[in-house]
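Asker: Structure provided below as structure tokens; questions to follow.
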Amino acid sequence: MDIYLAPLRFYNTLLLQNLITELSKRFSAKIRVIDLDINLDDFFSIDRKQYFSTQIIAEAIKLTDNIDGKVIMLTDVDIFVPVLTFIFGEAQLNGKHALLSVCRLHEEFYSGISNDNLLLERTIKEFLHELGHCYGLRHCIDWDCVMHSSPGIEEVDIKGSSFCRNCISKIEGYKY
């Protein structure tokens, strides 16, 4: 089963290419880039000045019936679900779709200082996290596991960058 990356208002081609390279090392599946015709402005909350991730995923579901594989959308816009101030991503548990925002993964969001290596590291962790949910994984209590919950950037930085043994056993096509 292939993994499809769908950039939505995501223009960092170097980050995308580095992400594909890293994912290709970890998965036997083909990593493909696709275009989805989704107008993110339709899901913008004027009150919050953010984009409603659940609605974006619902729109993607309508457009990807013919795709056999996991569809992970990447965006640079800030996303939310109503019960939280912000999220890094959202995924269908044991489903096909996920959305990952790198907006708050940029170090300059917090310190004003750009760090491309840290951005790649954080993006890989959160990408694997959302993909793990698509494979049916829930949050893991192991801090070294990429499936550990990350309500803030500190937790993203602290947690590991791969799946623990328990979680790996449930991921299809993961290279050990």
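Asker: Among the residues of segment 154-176, write down those that are under 16 Å from residue 136 (Cα atoms) and in a helix (DSSP H, G or I).
Answerer: Within segment 154-176, 165, 166, 167, 168 qualify.
Asker: Which residue pairs have Cβ atoms closer than 7 Å, lie 6 or more positions apart in sequence or on different chains, and pair a first residue in segment 149-176 that is touching a residue at least 60 places away in the same chain (Cβ under 8 Å) with a second residue that is part of a loop (DSSP other than H, G, I, E, B) and surrounded by fewer than 16 Cβ atoms within 10 Å (Cβ to Cβ)?
Answerer: 172/1; 173/1; 173/28; 175/28
Asker: Among the small types (Gly, Ala, Ser) and either modelled with pLDDT under 95 or buried (at least 16 other Cβ atoms within 10 Å of the Cβ) (or both): is that true of residue 160 in this structure?
Answerer: Yes; evaluated as a whole, the condition is true for this residue.
Asker: Of the residues that sit in segment 95-131 and are part of a loop (DSSP other than H, G, I, E, B) and touching a residue at least 24 places away in the same chain (Cβ under 8 Å), which one is nearest to the chain's Cα centre (by Cα)?
Answerer: The extreme case among them is 102.
Asker: Could you check how many residues of segment 78-137 are surrounded by fewer than 13 Cβ atoms within 10 Å (Cβ to Cβ), within 16 Å of residue 13 (Cα to Cα) and β-branched (Val, Ile, Thr)?
Answerer: Total meeting the criteria: 0.
Asker: Could you check segment 61-83 and list, in sequence order, the residues that are outside any loop (DSSP other than H, G, I, E, B), within 27 Å of residue 109 (Cα to Cα) and of a type outside the set (A, V, I, L, M, F, W, C)?
Answerer: Listed by number, the list holds a single entry, 75.
Asker: Let me ask you something else. Answer yes or no as to whether residue 138 is farther than 26 Å from residue 34 by Cα, of a type in the set (Lys, Arg), at pLDDT below 95 and out of contact with any Cys (no Cβ under 7 Å at 6 or more places or on another chain).
Answerer: In short, no.
Asker: Restricted to segment 25-75, and to residues that are over 14 Å from residue 5 (Cα atoms), acidic (Asp, Glu) and touching a residue at least 12 places away in the same chain (Cβ under 8 Å), which residue is surrounded by the fewest Cβ atoms within 10 Å (Cβ to Cβ)?
Answerer: Among those residues, the one meeting the criterion is 42.
The values are calculated or read from the model by the stated rules, or taken from the named source; none is laboratory data. The model shown is predicted, which means the values in this text are computed figures rather than measured ones. Glycine gets a Cβ as well: all are built from the backbone with ideal geometry, and neighbour counts include every protein chain shown.
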